[in-house]
Amino acid sequence: MDEQCHQSATPGILVARNPPPMHRPWRFARRTGDRAMTSVAVEGEALADLVLAIAQRRDQSAFVALFEHFAPRVKGFLMRQGAADTEAEDLVQDVMLTVWRKASQFDPAKAAVSTWIFTIARNRRIDVLRRERRPEPDADDPLLAGEPEPSAEAHLSGAQVQARMREAIATLPADQAQVVTLSFYEDMAHSEIAERLGIPLGTVKSRLRLAFRKVKAQVGDAFA
Amino acid sequence: MTVKHHPSEAVLFAYAAGGLGEGLSLLVAAHLSFCPSCRRSVAEAEAVGGVMMEEIAPVAVRPDSLDRVLANLDGAPVPNRAATPAPPRPTPASAARSTDTPPLPSVLSAYVGDLSGARWQWVAPGVRQLDLVHRAQGRDSAKLLRIAPGRVLPHHGHAGLEMTVVLSGSFTDEQGRFTRGDLAELDSDAQHQPIADSGEDCICLIGTDAPLRFSGLVPRMMAPMLGF
C-alpha cells in the first residue's frame, strides 16, 4: 500500500471527510479524540430523533431532513454497487418511502439510523435488482426465544456504538480496510475480491477476520 | 443447546453486506436461528455497513425526487411489529407435527412446509433430497438432504463455497462432529465426506455457490442425480 494510506491509519492525522472514492476507496474519514467522536454520536442521535418523530407524529419536516441527509448517500451507495442512475434513483425513492412506513420498527437502542437504512437499501436492492429473496431469521421463531434483552442503562445507543465503530474502521490497516470496502461497496464475492487484488482467497478471508475482530474489540461489549 | 461450529467472519460479513446469493443466505439464516452469538456478529457487520453508508461520496438525487416521495407518503404506515400479533401462517415449518424431527427454523417455512408431507427425491441408497432454491443458471442453490444412519455422502470437492447446516441428527466429517444448528463451511480446496453418525436420519441443509465436483467414477455418475 502507498505511503498515504499508512499515514491515514496513524493517530493524529486528519484526512478529508469524503476522499475521492475512485482514487483510494479504502480510505475513511479520520476523526480523532473524544470530542470528535462525541459529535458523531450526537449527530447520530439527532438522526434517530428524526425517525422517532416520524414514528410518533408522522412528522413530515423530520422526514424531509432525513431525506436530505440519506437520499444522496443511499444513491451513492447503490451506484457504487453497480446500479445505473435511473435504477438507483427509483430505489432511493423506494427506500425512503420504506423509511417513512416502517419508522415505528426502528429501535435506537439496537442500531444507528444509518445501519437501519443500510439494511433497508440492501434488502430492496436484493429484491428489486437481483429479484431474489433475502432469508433472515424470523424474530417470532420459538427457536430465537430466551435471549436475554440487554438492559437499557448498561448499553450504548446504536448511535454511540456507530461512533465507536467509525473510529475503529478509520484505524484499520489499509489492506484490511480495502477488503471491507470491496465487500460493502462493490458487491463482489470474496473470490472476485481475491481475483481483483491478485491475492489468495484465504488472504481475503483472513483480512476480513482481522478487520472484524478489531472492530468488535473496539466496540467492546456494546452488543453483548 | 450449544452450537459449536459457526460460519467464518468472512461469510457473516458477506451475508450482512448482501453479497451472498439466496441459497447461501438461507444457510446462514438457518444457522442464525440457532446461534445468538452469530446474530450479534451480523448486527455488528451491519453496523459496519451503516458506517460505510455514512462515509460514501453522496450522489445528488433528481430535483423532483423529494416531491415524488412526499406525494406518496399517504400510504398506510407499517405498524410496530411488537404492537401487533404475528399473522397466522398457513403451515409454519416450526409447527411441523412430525414426531421424529425437531422443529425447523421458521425461516425455512417460505421454502418448505411440514416435512412429514415432503416429497423427498431418491438420490442414492439412504440419501434423499428436497430442492429449496434452485437457479437454472444462477449463482447458488440450497437443498435439504436426508441421510440414513451410517450412510456416507459421496466424496466430493467443489469449485466454490459449500455450506451445510444440521437440522436434525448429526454427521461427522474431517472437521469434526456436527449436530443441530452447526454450520460446516468448505472452501473450494476442501474435500469432505460426511457420515451420518447417529441412530437417526441426519437432515441437513446444504448450499453451494458453484457446482459440486464428485471424485471417482461412481460419485461422478451421481453428480447429475444430486442435481448440483
ask   = Within the range B:29-39, is even one residue open to solvent by less than 10 Å² (accessible area, probe 1.4 Å), more than 7 Å from every other protein chain (Cβ to nearest Cβ), more than 16 Å from A:SER183 (Cα to Cα) and without any contact (Cβ under 8 Å) to a residue 60 or more places away in the chain?
value = yes
request  = Give me a count of the residues in the range A:98-132 that are more than 16 Å from A:VAL40 (Cβ to Cβ), modelled with pLDDT under 95, at the interface with chain B (Cβ under 7 Å from one of its Cβ atoms) and within 16 Å of the chain's Cα centre (by Cα).
outcome  = 1
query = In the range A:87-99, what count of residues is obtained for those that are open to solvent by 10 Å² or more (accessible area, probe 1.4 Å) and closer than 17 Å to A:VAL51 by Cβ?
reply = 2
query = Within the range A:64-83, is even one residue over 18 Å from the mean Cα position of the chain (by Cα), part of a helix (DSSP H, G or I), among the hydrophobic types (A, V, I, L, M, F, W, C) and modelled with pLDDT of 95 or more?
reply = yes
message = Please verify whether B:ALA57 is touching a Gly at 6+ places or on another chain (Cβ under 9 Å) and open to solvent by 20 Å² or more (accessible area, probe 1.4 Å), treating the condition exactly as stated.
response = yes
task = Scan the range B:1-20 residue by residue and report those that are at the interface with chain A (Cβ under 7 Å from one of its Cβ atoms) and either touching an Asp or Glu at 6+ places or on another chain (Cβ under 8 Å) or open to solvent by less than 20 Å² (accessible area, probe 1.4 Å) (or both).
result = B:SER8, B:ALA10, B:PHE13, B:ALA14, B:ALA17, B:GLY18, B:GLY19
note = Residue hits (the range B:13-27; among the hydrophobic types (A, V, I, L, M, F, W, C) and more than 14 Å from A:ARG122 (Cβ to Cβ)) are B:LEU24, B:LEU26, B:LEU27
key: In the range B:182-202, residue modelled with the lowest pLDDT [restricted to those that are of a type outside the set (D, E, K, R) and touching a Pro at 6+ places or on another chain (Cβ under 9 Å)]   = B:GLN193
ask   = Within the range A:183-194, which residues are in contact with a Leu (Cβ under 9 Å, 6 or more places away or on another chain) and in a helix (DSSP H, G or I)?
value = A:SER183, A:HIS190, A:SER191, A:GLU192, A:ILE193, A:ALA194
Subset of the range A:182-220 (residues that are in contact (Cβ under 8 Å) with a residue 60 or more places away in the chain and surrounded by fewer than 18 Cβ atoms within 10 Å (Cβ to Cβ)) = A:GLU186
inquiry  = Being at pLDDT 90 or above and among the aromatic types (Phe, Trp, Tyr) is the requirement here; does A:PHE28 meet it?
reply    = no
Residue satisfying condition, being touching a helix residue (DSSP H, G or I) at 6+ places or on another chain (Cβ under 7 Å), closer than 23 Å to B:THR208 by Cβ and either more than 8 Å from chain B (Cβ to nearest Cβ) or not β-branched (Val, Ile, Thr) (or both), within set A:ALA194, A:ALA189 = A:ALA194
note = Per the list (1) more than 7 Å from chain A (Cβ to nearest Cβ); (2) touching a Ser or Thr at 6+ places or on another chain (Cβ under 6 Å); (3) farther than 30 Å from B:LEU183 by Cβ; (4) not aromatic (Phe, Trp, Tyr), residue check on B:ASP64 breaks on (2)
request  = Quick one: which residue in B:PHE214, B:PHE171 is aromatic (Phe, Trp, Tyr) and at pLDDT 85 or above?
outcome  = B:PHE171
Failed condition for A:ALA152, given (1) buried (at least 19 other Cβ atoms within 10 Å of the Cβ); (2) of a type outside the set (Asp, Glu); (3) modelled with pLDDT under 90 = (1)
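The values are calculated or read from the model by the stated rules, or taken from the named source; none is laboratory data. Everything quoted here is computed from the prediction, not taken from an experiment. Counting neighbours? That spans all protein chains shown, and the Cβs are built from the backbone with ideal geometry, glycine included. All accessible areas refer to the heavy atoms of the entire protein, side chains included, with ligands and DNA or RNA removed. Shrake-Rupley method; radii C 1.70, N 1.55, O 1.52, S 1.80 Å.
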